[in-house]
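Worksheet: the structure to be examined is printed underneath.
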Amino acid sequence: MMNGRQPFRPLRALRAAFLRGLAVLNKSSGDPKLSVIIATRNRAHAIGPCLQSVATALANAAPLDAEIVVVDNGSSDNTAELIQSWARASGATVQFLTQPLPGKARALNRALRAARGQLLAFIDDDCRLTPLYVTQLLAHAAADTEPVVRGGRVELGDPTDLPLTIKTTPDRGQWHRRLNSARHHSIVGLIHGCNMTMPRTIAEKLGPFDERFGPGSIMKSGDDTDYLFRAYLANFMLEYVPDMAVTHFHGRKTPAEGRVLQQKYLISNGGLMAKHGRKHLNLCRPFIWDCENAVQEMLAGGISATSTDYF
């Protein structure tokens with residue numbers, strides 16, 4: 001001590017100033033922890049229950065700074081009015097956006113530009129989150145040691161619907177390029193776009209969804225699979241967890257509707273193979289397997305191991 005005063009320590013003072021500045025920055029940034037993103041079009045009958053399920057899951061994870069980002073993709077019914085009415089009545093933090101040009105990927109890109117969350121969760125407008133979905137999402141994210149694209153179980157919401165667009169695998173799984181996962185497993189269908197989450201850092205690295213894919217586009221579907229392919233090629237971990245579940249009320253009940261959906265999948269799969277196959281040959285393996293199954297089906301007189309009774 002000199003003259004009863006503490007000596008000046010510039011490094012300690014600099015560290016204290018840095019920590020104060022960091023605390024102020026974190027406090028003032030205002031970015032929520034989670035953005036739940038929903039693209040919708042002409043789903044007036046479904047959007048209300050969808051939004052309410054999100055609100056319930058968020059409330060069960062409280063206290064949590066979160067937002068719901070909803071993009072109306074040129075609806076011709078009263079979907080937009082219902083969203084705005086629900087937002088006013090619910091008290092939830094809702095960003096309501098519009099994208100008049102058709103295409104789910106366009107709507108998702110509109111949401112990505114506006115979403116502020118550190119974590120992003122994508123669900124479809126005909127799906128409903130289970131009550132503990134957000135709690136489970138946050139628990140998985142907190143345990144991550146690297147950025148992960150994560151999806152969960154997709155259950156059939158209406159038992160009278162065809163068993164399509166669901167994923168009920170009970171076992172957790174991980175896939176990564178460093179494990180050469182695509183050599184042994186198809187990346188297609190590992191994670192469904194109606195139940196897909198990721199940290200913002202992955203979306204910033206990969207960029208926008210390819211607007212040539214997805215409902216309302218020239219390729220009809222495949223926007224989610226294209227994003228998975230891109231994440232895999234960029235060396236991000238892909239993970240499926242069965243506890244993070246949604247219920248899907250897709251509404252398809254007839255064999256004709258099943259065939260139309262399958263045709264859309266086949267068109268988009270062809271586009272995906274053309275886009276990504278040259279970059280990583282193993283991504284083409286599902287196309288090869290499909291051809292093998294088709295040959296087996298023809299040789300068996302129209303029946304193969306992968307056939308279902310609505311085709």
Checking Ala57 against (1) crowded, with 23+ Cβ neighbours inside 10 Å; (2) more than 18 Å from the chain's Cα centre (by Cα); (3) of a type outside the set (Ser, Thr, Tyr), which test does it fail? (2)
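Matching residues to (1) over 16 Å from Tyr227 (Cα atoms); (2) at pLDDT below 85; (3) hydroxyl-bearing (Ser, Thr, Tyr); (4) over 28 Å from the mean Cα position of the chain (by Cα):
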residue	(1), (2), (3), (4)
Ser268	no, no, yes, no
Pro286	yes, yes, no, no
Asp290	yes, yes, no, no
Gly301	yes, yes, no, yes
Cβ pairs under 6 Å, 6+ apart, first in the stretch 202-219 and acidic (Asp, Glu), second in a loop (DSSP other than H, G, I, E, B) and at pLDDT 95 or above: Glu211/Gly103
Which of the residues spanning the stretch 132-177 are surrounded by fewer than 14 Cβ atoms within 10 Å (Cβ to Cβ) and closer than 25 Å to Ser35 by Cβ? Ala142, Ala143, Asp144, Thr145, Glu146, Arg172
Lone qualifier among Ala80, Ala143 - being in contact with an Asp or Glu (Cβ under 7 Å, 6 or more places away or on another chain) and small (Gly, Ala, Ser): Ala80
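May I ask you to list the residues in the stretch 112-136 that are under 15 Å from Leu97 (Cβ atoms) and among the aromatic types (Phe, Trp, Tyr)?
Within the stretch 112-136, just Phe122 meets the criteria.
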Exactly one condition in (1) in a loop (DSSP other than H, G, I, E, B); (2) farther than 25 Å from Asn60 by Cα; (3) basic (Lys, Arg) is false for Arg113; which is it? (1)
Test set (1) out of contact with any helix residue (DSSP H, G or I) (no Cβ under 7 Å at 6 or more places or on another chain); (2) among the polar types (S, T, N, Q); (3) over 22 Å from Phe249 (Cβ atoms) - Asn195 fails condition number: (3)
Could you grab me the full set of residues in the stretch 51-76 that are more than 21 Å from Leu97 (Cβ to Cβ) and without any contact (Cβ under 8 Å) to a residue 60 or more places away in the chain? Ala59, Ala62, Pro63
Given the structure, is Ile83 crowded, with 21+ Cβ neighbours inside 10 Å, under 24 Å from Thr201 (Cβ atoms) and touching a Leu at 6+ places or on another chain (Cβ under 9 Å)? no
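The values are calculated or read from the model by the stated rules, or taken from the named source; none is laboratory data. What you are looking at is a predicted structure, and each value in this text was computed from that prediction instead of being measured. Positions of Cβ are generated from backbone atoms using ideal geometry, with glycine treated the same way; all protein chains shown enter the neighbour counts.
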